[in-house]
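Participant: Sending over a structure as structure tokens; questions will come in a sec.
The values are calculated or read from the model by the stated rules, or taken from the named source; none is laboratory data. A quick note: this is a predicted structure, and the numbers were derived from the prediction, not measured. Note that we place each Cβ from the backbone using ideal geometry, even for glycine, and neighbour counts take in every protein chain shown.
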Amino acid sequence: MTEAQVLKPQKTWSHLAARRRKPSEYEIVSTNLHYNDRDPNAPYELAPDMFMNRWYKQHTFGTPLKHADWNSFRDPDEVVYRTYNLMQDGQETYVFSLFDQFNQREHDKALDPRWAGTLARLYTPARYLFHTLQMASAYVGQVSPASTLTNCHYFQMADSLRWLSHTAYRTKELSQTFAETGFGIDERRYWETDPAWQGFRELMEKLLTAWDWSEAVVALNLVAKPAIEETVQRRLGDAARHNGDTLLGLVTDAQLIDSARHRRWAAAFVRCALETPENITFLRDCVARWTPLADAAIDAYCQALPDVPGAADTARAATRDFRRSLGL
């Protein structure tokens with residue numbers, strides 16, 4: 001008769017045991033959470049030829065970017081749901097305190113009506129643009145091959161919704177001071193027909209139909225988002241300050257704090273991807289395919305932006321500096 005085998009209990013989760021230390025909160029609640037990577041032939045444990053299984057086999061696991069273990073990716077800020085809410089509660093308190101303070105000072109009544117017209121054309125329609133960022137981040141997160149990548153995109157998605165909410169709030173406030181300017185009424189028309197927005201509309205509509213994860217993650221985080229951040233946030237904030245709109249300048253500054261965090265994890269993603277040397281070719285080729293669309297969007301928007309000389313050149317250079325810092 002053989003003796004019963006006694007298993008030695010694990011001190012932590014098996015996938016974290018190799019580190020030989022107590023795992024952090026981030027590691028516990030963020031790593032190896034996906035269940036659809038257990039069977040490459042049936043990610044969702046249903047019929048292999050089911051539409052959803054075929055989709056993930058093609059667009060997630062059959063994607064050009066390869067890595068021995070995408071779950072090794074880590075967010076350098078180690079953001080989890082708890083810390084995200086603590087952090088962004090403070091951010092939202094700050095932004096809405098700005099809204100309250102400037103409203104009490106009757107800030108909008110001091111704005112030049114010509115600048116109000118610029119805001120109606122170049123600022124308040126941005127809620128459509130931010131919604132496309134929200135949708136793109138949601139899709140890329142959904143089809144990402146590792147939960148740590150999914151989490152980064154979902155927090156980025158939430159930030160895009162916050163930016164949208166800021167824009168919608170200001171749209172309503174501006175409509176109360178400039179009732180004849182079209183705030184809350186004309187944004188869709190500007191987004192769909194104004195030459196200033198057509199570059200970004202084309203860029204984001206094409207990005208939203210980039211189903212392959214490799215294509216979408218690179219186009220979104222290394223090309224489209226930097227173009228939007230350097231143009232519709234940073235350069236618009238500069239124009240606002242030059243036209244006495246301190247409030248908008250401060251709001252875009254606050255949003256760019258989120259963007260800086262997004263870029264930190266995007267840089268970490270590129271470093272992770274380059275652990276597979278063959279990925280450099282795809283990364284560079286993908287950036288090259290999408291950059292002309294982003295450059296055209298920057299040019300069209302900055303051409304309409306007042307009082308920021310050389311805005312397009314500065315914005316394009318900033319996007320290239322970011323990618324150059326990543327070795328791309």
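Participant: Is it true that Ala288 is farther than 24 Å from Asn71 by Cα and either surrounded by fewer than 19 Cβ atoms within 10 Å (Cβ to Cβ) or at pLDDT below 95 (or both)?
Facilitator: yes
Participant: Right, something else. Within the set of pairs 6+ apart or on separate chains, which have a first residue in the range 233-254 that is farther than 20 Å from Ala168 by Cα, a second that is of a type in the set (Ser, Thr, Tyr), and C-beta atoms under 8 Å apart?
Facilitator: From the range 233-254, the pairs are Asn243/Thr118.
Participant: Counting just the residues of the range 147-183 that are acidic (Asp, Glu) and over 21 Å from the mean Cα position of the chain (by Cα), which one comes out nearest to Phe99 (Cα to Cα)?
Facilitator: Glu173
Participant: With respect to Thr314, is the statement that it is of a type in the set (Ser, Thr, Tyr) and surrounded by fewer than 20 Cβ atoms within 10 Å (Cβ to Cβ) true?
Facilitator: It is true that Thr314 is of a type in the set (Ser, Thr, Tyr) and surrounded by fewer than 20 Cβ atoms within 10 Å (Cβ to Cβ).
Participant: Could you please tell me which pairs satisfy a Cβ distance under 9 Å, a separation of 6+ or placement on different chains, a first residue in the range 292-315 that is within 17 Å of Arg121 (Cβ to Cβ), and a second residue that is among the polar types (S, T, N, Q) and in a loop (DSSP other than H, G, I, E, B)?
Facilitator: Qualifying pairs under 9 Å: Pro306/Asn243; Asp307/Asn243.
Participant: Looking at (1) in a helix (DSSP H, G or I); (2) more than 22 Å from His262 (Cβ to Cβ); (3) of a type outside the set (Asp, Glu); (4) in contact with a helix residue (DSSP H, G or I) (Cβ under 8 Å, 6 or more places away or on another chain), which is the one condition that is false for Arg54?
Facilitator: (4)
Participant: With the condition kept exactly as written, say whether any residue in the range 255-266 is over 17 Å from Glu230 (Cβ atoms) and buried (at least 17 other Cβ atoms within 10 Å of the Cβ).
Facilitator: So far as the range 255-266 goes, yes, one or more of its residues are over 17 Å from Glu230 (Cβ atoms) and buried (at least 17 other Cβ atoms within 10 Å of the Cβ).
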